[in-house]
Structures are given as C-alpha cells and as structure tokens.
Amino acid sequence: MPLKLPSFRARRNAYPADLWTKCPTCEEMLFNKQLDKQLRVCPSCAHHFRLSASARLEQLVDAGTWTEHDAGLQSVDVLGFVDQKPYPDRLVAAQTATGLRDAAVWGIASLGGTPIAICVMDFGFMGGSMGAVVGEKVTRAAEHALESRTPLIVVSASGGARMQEGTLALMQLAKTLAALERLRVAGVPFLSVLSDPTTGGVFASFAAVGDVNIAEPNALIGFAGARVSVGTIAQELPPGFQRSEFLFAHGFIDRVVPRAGLRDELARLLRLLPARAVDAAPAYAPPELDLDRFRPLSFLSSLVEKVGEIGLPDADRAATAADHAGSDPRDAVWSRVLLARNLHRPRTLEFVAAMTDDFVELHGDRLFGDDAAIVAGLCRLDGRRIAVIGQQKGADTDENIRRNFGMPHPEGYRKAMRVMELAERLALPIVTFVDVPGAHPGPESEERGIAESIARSIGLMSRLRTPIVTVITGEGGSGGALAIAVGDVVIALENAVYSVISPEGCASILWRTPDEAPAAALAMKMTAADQQALGVIDIVVPEPREGAHVDHAETARRLKAIVVDRLAALDELTIEQLLESRYRRYRALGSYTEAEMPEPTPPPVGRGLGDRLRDLLGPGRRVVSGAIPSWSRDEPPAREEV
C-alpha cells in the first residue's frame, strides 16, 4: 500500500485574519502591515477602510499633543429598553469589543501646530450611533472651543441616532446644533469631516453644518438608508447615490480628500480660518441671573395641574383611564399610535381655522419651489399677531398625493425657516404644529439637501429671538418632526406620539421583522405621557372621549386655551432669558453617568511577543485615554449596529 505523503504546498485559500484583510471592493487579499502603512487604504482600488477613533487621532493630530476629556461618560438605560437583548447588554458587548465607553471621544490637541478641540466618532461601537453620551461629548467639545476660541473638528462615522435611547437620542440633534450655533455666532471655525458611513440623525445635525465640509472618497453619506428610499418611492436610485461624490456634485460637500492628504488639508484650512478676534466678536454672554432662583419655565408645573380643568370632564378622564387599565401594555401603546395616525384627525389647517383669525398662507422657499407638505403663514390668535408653521397631511388620497403624505422636502423646511426669520424680524411669536411620519426620503430630497435643511432649521430655532410654542398633534417622526419642534414650550395632544424612528423601522432593525412594531413602540416609550415623564414634552392636553378625530372643534378649544396661556407666560421673559432657558432646556436632555478614570500609565519598554499577544486578545486593547494605539477595527458591524 503506497504511503500518502503530506502536501507542503501553500493553502492559497487560507489567510490568517490577523495577518491579511480582504478588500470588500476589489476582493484582493491585503497584508495588514502593508495596509497600515497605507493608512488603511487599499493600494489596488483605493477603498478606504473604516478607522477606529484611536487610529484616526493617530493619523490626524500632532504627536504627543492629544489629551482626552470626559473619558468616563457612560450611557444609561433610561427607557429600560429590551429588544432581542437588553440595552445594557449591548453596551457591555460594545465596550468589551472596542475598549471604549461609548461611540465618541473628544479632547484637545494640535494639528499642524494649531491648537484644536476635536471629537472623533467610532463606528465600531454600536454603529457609531448617537445617544446621550455622544451628544454630550460633541456639545462639550463645541463649548470648549467657544470658551478657548480654538477651532473645532468633528470626525463623523455613524449610522444615526441610537434607537435604544428613544427621543432622548433625537434631542441630541437639538443639543449639538444649539452649541454649534453659538460657536458660529462667535466666529470660531468648525470643520466637519465625514467618513464612511455618516447617515441619519448625525448627518442631519452637526455633520452637515461645518464651515467647511470634507469627506473621504466614496463614503456613504445620506439621511435615509437606500432600502428606506427604495421602499418609499418604489423606483431605482441614481448611480452613486449617497456617496461623497454625489454630495459634492450637489453642493453639500466642499472637498473630497483622500485619507493620505486629509491631515495636510485640515492643517491648511486651520491656517486660513482663524477664530475671529475677541474685540471684534459679539461674543455670547449668558444673562446675569440668579440661577438658583431663576426658573423661566417654572410656570409649567402649575399649569399641568390646570390642564384637566381646561380639558376633559372628570367622568371622561375616569373613563379614558379605565380604557387602558388592565390591558396588554403593547396593545395600549399601539392603540395610541393608531389614533395618532387616524386619517380623520385634525391637521394644521383645521387647527388654524378653528383657533385663529385672518390667516394668510405664505408660499415658497425663494430658492427652489413650494412644498404643500408644510404650511406657513401669519394670523391672529386671541388678538395676538403670530406666525404659524405646521406639517399638513391630506384628508383623502388625492390630497395626500398632492401633499406628499405630509412628508416634507427640503424646500418645505426652507419655507418654514423663511417664515421663522420673518417672525423674528417683526417680533412675532411662533406656533408650530407637528404631525409627520418623517421627512421625505427619496433621491430628489437628498439631491436638494434634506439633511442640511433639517439641521439648519433646528439650529435656527435654537437661537430665534422670539417665543416658540410647539404642538405635537399626531405623529412626531424623527428629525422630520424636530426640524420645526425646537420650542420654548412643547405641548402634545393626549394621543400624539413622538419617536426617534418609526416603530416599524425600529422593529425591522432590532427584531428583524416589522411585525414586532407594537413591541418596539412600547420599548421606545412613544406616548405623550411617556415623553412628558422623560422631560421631552412639557404639557399633555386631554382629547375628547373617543379621540381628537371625533370632535375637531372641542380639541381646538382645549388646545387654544393652553397655547394662549403659554404665549402670555413667555412674554414675561426678556429675550436673553428666553434664549438661555431654551438652550438649557435642550442642553439638559439625555442621561449618562461619569465614572472615575485611572491615571494613564505609559506602555512598558521592551515588551515581548507574549505581552503583544495578550494585548491583541485582551478586551481593553483600545484605550485612547493614554497613548494612541494604531489598532483599527475593519470588520463589518452587526446589522443592529447600523
């Protein structure tokens, strides 16, 4: 029997993962050491691999200048969110895999000799999703840049707002943009770097509004995911949709810069864009207030006790409570969602007709066109001249098609901003009505800048020098709702809902099926009562017995009394007090803890192979509070991280 000798030929299909990486574009196997020398860019096809926060910092900042701030911030599970696993378990898994406490780091450094504040996101941590910690770090970086008058750089890599933190994650859009508006007014430069991917609420907030926007080649950048767009518009997407070059061609990116030239490009811009001289800058100064005593919105607590007197009779309130008592919590929440979506529910124009006089509608954004999904105009409310803005769904199929089912395009939000600025110039209070499933996600919206228009509208509302009262009448869907909902007082009808994403979208991602939408709605705490408990909504107005859809006039009567009362109370504040209380309102939204961080220790000298292997296999291999390691994570994220 012949002997079978072992083969010593190389197994060409076996590539150790710690030595080789397969390029997802050209499928060539790349030796990791050579790939690192190329800054994680494929030498064959120029595919840019994703970088960890530590690798990005090592590439950009001057050696030895990086100092991390607020490294101990950690997310808190305020909602008690559970999908296929509890949110705290997902956090622990992400922390173990990355060595980070959350999806962003911020600190101070120098770049090309210029001192900067810099915040870098890490897609490896739950898809770089923005929750309270990420929003807090971006905001603290902006506030430090304002105080020290040093340029701010934010490097984005994110799938959007974090669903597990619900509307508290959504409120980070308002928080971060308000801080950046103060930076802009003070004349301090902000450079936004968009890497692969930058999508959703991150793109519709700070990432879109840099003084200069820079993107890496072929990075995925967009507001809504491609699958959402296709599912909504049922048509083929254009070539290169939602890529850096697509955004550059449509005017929303200043520069598309390969990674090898990014550091030099930023250094050149920093030399050309110094912070404005202090003596020439109308720097923001908070009003002189006794903040222990000053509570500009303290009237809300007393008003909540009176809402019932304006709203339901005692018998109706008792009957409404009995309807939901003892029922399945999922069914109770889902019934609210269905009521919020009821086709016969009063819309903005119905409320305006019932509550105001002399309404004159204004049309057009003065840039592209008009959008029937948003109505805006001037009117009188109880004798007071006001500006009114709101989303408008249709009452039937034909009107819904004409109004795009209440989903605004960019020109709708720009029309709203035009009316907001008009109201500010004429010292008119603003009342906004929110009822939208979300902004329009199609390619024409991306081409005309849906994310940029949402971000600009949120930022504008944060600094408008006139009172704003927001009313959520039906659906408050994600950034499309927040774009006109940054109010001094936020009111909601009893059966309104407010969410960071639709329950069907959340269920499709986290439960892998839209059939679990009721469970997702319960987990996200979408109802008006839940949102009031979280501090997102100030006042909940009771609806008639069967809901607002059965009695438009009575619903409008109850709502009018509250709105008139709130506008009168806001009149008592000076403009400086109004702006400061609005800033603090959104600045305070979001929960986190702060852990004590140990002093960083320098790496030992002369480390052996065993020490290096332990670093590679240990869970804490990417701590960026000390020296910056060059390790980077390029594996694709789990589906739920996107």
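The values are calculated or read from the model by the stated rules, or taken from the named source; none is laboratory data. For clarity, every value in this text was computed on a predicted model and none was experimentally measured. Counting neighbours? That spans all protein chains shown, and the Cβs are built from the backbone with ideal geometry, glycine included. Calculation scope for accessible area: heavy atoms of the full protein, side chains included, ligands and nucleic acids excluded. Shrake-Rupley method; radii C 1.70, N 1.55, O 1.52, S 1.80 Å.
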**Lone qualifier among 380, 402 - being open to solvent by 70 Å² or more (accessible area, probe 1.4 Å), of a type in the set (D, E, K, R) and at pLDDT 95 or above** = 380
**Item:** Odd one out for residue 545 among (1) within 21 Å of residue 160 (Cα to Cα); (2) out of contact with any strand residue (DSSP E or B) (no Cβ under 9 Å at 6 or more places or on another chain)
**Value:** (1)
**Request:** State yes or no: is residue 110 in a strand (DSSP E or B) and out of contact with any strand residue (DSSP E or B) (no Cβ under 6 Å at 6 or more places or on another chain)?
**Result:** yes
**Request:** Would you mind finding the one in 467, 429 that is buried (at least 24 other Cβ atoms within 10 Å of the Cβ), modelled with pLDDT of 95 or more and not polar (S, T, N, Q)?
**Result:** 467
**Prompt:** In this structure, does residue 68 turn out to be out of contact with any Asp or Glu (no Cβ under 9 Å at 6 or more places or on another chain), crowded, with 18+ Cβ neighbours inside 10 Å, in a helix (DSSP H, G or I) and among the charged types (D, E, K, R)?
**Reply:** no
**Message:** Please verify whether residue 170 is outside any loop (DSSP other than H, G, I, E, B), in contact (Cβ under 8 Å) with a residue 24 or more places away in the chain, open to solvent by less than 10 Å² (accessible area, probe 1.4 Å) and in contact with a Leu (Cβ under 7 Å, 6 or more places away or on another chain), treating the condition exactly as stated.
**Reply:** yes
**Asked** Condition test on residue 493, is it open to solvent by less than 10 Å² (accessible area, probe 1.4 Å), in contact with a strand residue (DSSP E or B) (Cβ under 9 Å, 6 or more places away or on another chain) and modelled with pLDDT of 95 or more?
**Response** yes
**Message:** Looking only at segment 500-541, count every residue that is outside any helix (DSSP H, G or I) and open to solvent by 20 Å² or more (accessible area, probe 1.4 Å) and tell me the total.
**Reply:** 8
**Fill in**
Note on segment 248-264: residues in contact with a Gly (Cβ under 8 Å, 6 or more places away or on another chain) and buried (at least 19 other Cβ atoms within 10 Å of the Cβ) are 252
**Prompt:** Which residue pairs have Cβ atoms closer than 7 Å, lie 6 or more positions apart in sequence or on different chains, and pair a first residue in segment 237-258 that is within 15 Å of residue 207 (Cα to Cα) with a second residue that is open to solvent by 60 Å² or more (accessible area, probe 1.4 Å)?
**Reply:** 243/218; 244/218; 256/245; 256/248
**Request:** Please work out if residue 59 is under 30 Å from residue 147 (Cα atoms) and assigned to a helix (DSSP H, G or I).
**Result:** yes
**Lone qualifier among 193, 188 - being assigned to a loop (DSSP other than H, G, I, E, B) and among the hydrophobic types (A, V, I, L, M, F, W, C)** = 188
